[in-house]
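Throughout, read-outs are computed from the coordinates displayed, never taken from laboratory work. This is a predicted model, so every value here is computed, not measured. Note that each Cβ is placed from the backbone with ideal geometry, even for glycine, and that neighbours are counted across all protein chains shown.
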Amino acid sequence: MQTTNDNFKIINIFFRGIVLPMLIFVALGISDVRGGDILRIGLLQEPKILNIWSASDLWSRKVLDQFYQPLYIREPNNLKLVPWLAKGDPVYNPADRSYTVHLRPAKWSDGSELTSEDVAFTGRFIKEFKVPLFYSNWSFIQKIETLDKRTVKFYLKEPKAIFMTRTLATPVVQKREWLQVAANVRRKKKSRDKVLAYPVERPVSSGPFVLNHWKEGGSLFLERNIHFFGKGQTIGGQVLGPHIDGILFKIFPNSEAAVSTLKSGGIDMFWWGIPPEYLEELLENQSIEFYLNERSALYFLGFNVRKRPFSDINFRRAVATLIDRDYFVTKLLKYNAVKMYSIVPPGNTFWYNADVPKYGEGLHREERLLRAYEILKKAGYTWEVPPVDNNGNLVEGEGIIMPDGRPMEEITILTPTAGYDPQRFKVGMMTEKWLRGIGIPANARAMEFGALIHRIKDRHQFDLFVLGYGNLSLDPDYLRSFFHSRNDKIGSWNISGYKNPVYDRIADESARAMQPETRRKLIWKMQNIIMKDVPYFPLYNPKMIEGVRKDRFRGWVERLGGIGNMWSFCQIRPK
């Protein structure tokens, strides 16, 4: 016999599982929803554009990744590339430097077949219009052939390691969707600009979801793609769904509003790290489950090695010795970060080299000052008042003089504002304090982020800066981009102005190394050289702390970068 409480439970389940989602859809003007198993995700911004060729912002990518699928994708455990749209590993023919890829049976969301013509069209389109987001991954492709509707063959002009890790991981578009667009803009001036600006309202999807409705400024509703090729397939050791009817992306003005809605049950996931200031109150909520994962990120101090004293490797090593990464991780980030010793994050285990110089590691504050003083003194730096007296005691150093006899002018440490990133702002303030402790006239200066980037990357007018890359590629070719001497130009990636012909040679060799083990040895050498020369000094990598409602869905898949990934969306199912 059911009790009154049992009846209330049944009514509550019915309301939350069916009635409430339907009320949401009615409010959004969405009427063609097949069920109530809808995952509700909070975003801080809506997509800027649904054109895959120009969607460079994080929020557009989060949505578009559910539509446009690549040939290969990284599995969650070891981050190994596994066949996705492809049926198996690419077959290499050294005689003509070609790779043959066979496709799985797959369809687009309009029911038409996904074929090798779509794959070939994607690559040819990128090459013809030199699409900025993807062109560097395709420029070395000599030609593309379609042997049959499920077989495509790529011919390379020269060996390129990123063919396996980036070219074959490019999202594939439908030829029918873009063929007429290409024909229309090809005969016009600035055809590439017209391709990038082309408005896409309803992308044709080969992924697990398809766009149903976009209420600008409020929400997007993605419904399950009934033609998704992965349904019921075992890929990367995972049996794929999706097992939900769709995803409702809700846009929030700030983290506070999103966290409050997660706490009240209005969303099931906030697709952004939980800010530390909200973590304590959320931990008290028994309905919220937390996931803690490393990120593929790098936060660092950069030097302008084009000018003195930063062109002096001894000065850079002394500064690196003064900076206490333990302080940042324990005091500033409350252990929600890992120390960075190299440019490659430790979570990217295959490429990470742990055997690099670790300046000041294990030293106390006084020991760091003494060690930095000895480095500078040995390199010819002097002081009007040395930071170490005749008895070996630390004192306030003043008037540091460079080896050429000139007094060191005030140096500026550029940081984002406290409102934009309080952690990086505080890193700048602490670095100023530690440098002044040895007599270096340092001054931290916060700038609006856009102006900061413009000054550093587009003008090269800086001394030191604190910046970060929040989502580094899992392929470490960025090491070549960041530090190769040919990229030391306005607007390019070698911001620090680092030049080393030995490094350039190894970097170029790594770009041609097609065998992963051979390439890894070269990548390790590159990391070691950079950490000996210190144009960048890695600081920390914040961990991704994510919260989800554990009373609604289960089956989240953890990986480097967090649980917001394709594997999770193809695995989670209602409770």
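Relative contact order for the chain: 17 percent, from Cα pairs under 8 Å spaced at least 6 residues apart, divided by residue count. Electrostatic tally near S60: other residues with Cβ closer than 10 Å to its Cβ, Lys and Arg +1, Asp and Glu -1, net 0. Treating the angle as unsigned and between 0 and 90°, give the value, to the nearest 10°, between the Cα long axis of helix 313-322 and the longest Cα principal axis of the chain. For helix 313-322, the angle is close to 70 degrees. Remark: region 72-179 carries a charge dipole of roughly 180 debye about the Cα centre, counting +1 on each Lys and Arg Cβ and -1 on each Asp and Glu Cβ.
Across the options P171, L472, F553, the greatest Cα extent toward the positive end of the charge dipole of the chain (unit charges at beta carbon of Lys, Arg, Asp, Glu) belongs to P171. Amide H to amide H distances under 5 Å link L467 with F300, G302, where only residues 5 or more positions off or on other chains count and H is placed in the peptide plane. When a/c is below 1.5 the answer is rounded, else prolate if a/b is larger than b/c, else oblate, so apply that to region 428-575 with a ≥ b ≥ c taken from the square roots of the Cα gyration tensor eigenvalues. It comes out oblate by the Cα gyration axes. Which entries in K331/K532; K62/K107; K307/K378; K62/K457; K231/K550; K378/K457 show an alpha-carbon gap greater than 29 Å? Distance filter (> 29 Å) returns K378/K457. Think of it as helices only: each DSSP H run of n ≥ 4 in the chain is worth -39500 (n - 2.57), and spread over all residues that comes to -8500 deg cm²/dmol at 222 nm. Exposure proxy shown here: for T234, T115, T151, T330, the number of other Cβ atoms within 10 Å sets the order, fewest to most, as T234, T330, T151, T115. Assuming a ≥ b ≥ c are the square roots of the Cα gyration tensor eigenvalues, decide whether the chain counts as rounded (a/c under 1.5), prolate (otherwise, with a/b larger than b/c) or oblate. In terms of gyration-tensor shape, oblate. Our coupling estimate for region 340-348, obtained by passing each phi through the Karplus curve with A = 6.51, B = -1.76, C = 1.60 and θ = phi - 60°, is 9, 9, 10, 6, 7, x, x, x, 8 Hz, Gly and Pro reported as x.
For region 251-294, the list of GluC sites (Glu not before Pro) that fall in a loop by DSSP and count at most 16 other C-beta atoms within 10 angstrom reads E284.
All other residues whose Cβ lies under 10 angstrom from that of N443 are scored, Lys and Arg at +1 and Asp and Glu at -1, for a net of -1.
Rounded, prolate or oblate for region 464-521? Axes are the square roots of the Cα gyration tensor eigenvalues, ordered a ≥ b ≥ c, and the cut-off for rounded is a/c under 1.5. Note, shape of region 464-521 comes out oblate.
Counting only Cβ charges, +1 for Lys and Arg and -1 for Asp and Glu, the dipole size of the chain around its Cα centre is about 1780 debye.
Using Cβ point charges alone (K and R +1, D and E -1), the dipole size of region 344-457 about the Cα centre works out to roughly 340 debye.
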